[in-house]
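Taking it in order: structure first as structure tokens, then the write-up.
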Amino acid sequence: MAIEDLQPGDMVFATTDIHNDGSIPELPENAQFATSGTRGVLINTGHLEDQPDKILFLVRFEDDNNELGPPVGCWPDELSEDPIGIC
């Protein structure tokens, strides 16, 4: 299955470390949301308003206590549907 075919509720894995780029003001810039291999759940899929051809995934990643963190926007190359596919 291609990453673009995933549906809300599907499990995903971070393929790289994912940090706050400043888009979540309640958390410090560069706060780490996930390390490579961290499991998460897909919340929604959308597009950028000014770039409708670019897909964006909204994901909540598990923390060290297996609790879901805040929703984070991710690009397709930052996610894998298979832990084996992690670079």
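The values are calculated or read from the model by the stated rules, or taken from the named source; none is laboratory data. Keep in mind that this is a model prediction, so the values were computed, not measured. For neighbour counting, all protein chains shown are included, and Cβ atoms are generated from backbone atoms with ideal geometry for every residue, glycine included. The protein model used for the area step is the full one, side chains on, heavy atoms only, and it has no ligands, DNA or RNA in it. Shrake-Rupley method; radii C 1.70, N 1.55, O 1.52, S 1.80 Å.
Using a probe of 1.4 angstrom and keeping all protein chains present, the accessible surface of the chain works out to 63 square angstrom per residue.
Of the solvent-accessible surface of the chain, computed with a 1.4 Å probe and all protein chains present, 48% belongs to carbon and sulfur.
When the alpha-carbon atoms of the range 13-56 are used, the pair Rg, Dmax equals 12.2, 30 angstrom.
Counting only Cα atoms, I'd like the Rg/Rh figure for the chain, Kirkwood definition for Rh. Kindly include the intermediate steps, with their values, before the conclusion.
Details: Rg = 12.3 Å, Rh = 13.0 Å.
Reported Rg/Rh (Cα atoms, Kirkwood Rh): 0.94.
Packing around the peptides 68-75, 47-54, taken as the average count of other Cβ atoms within 10 Å per residue, puts them in this order, highest first: 68-75, 47-54.
Centroid-to-centroid, using Cα positions, the range 47-87 and the range 17-34 are 13 Å apart.
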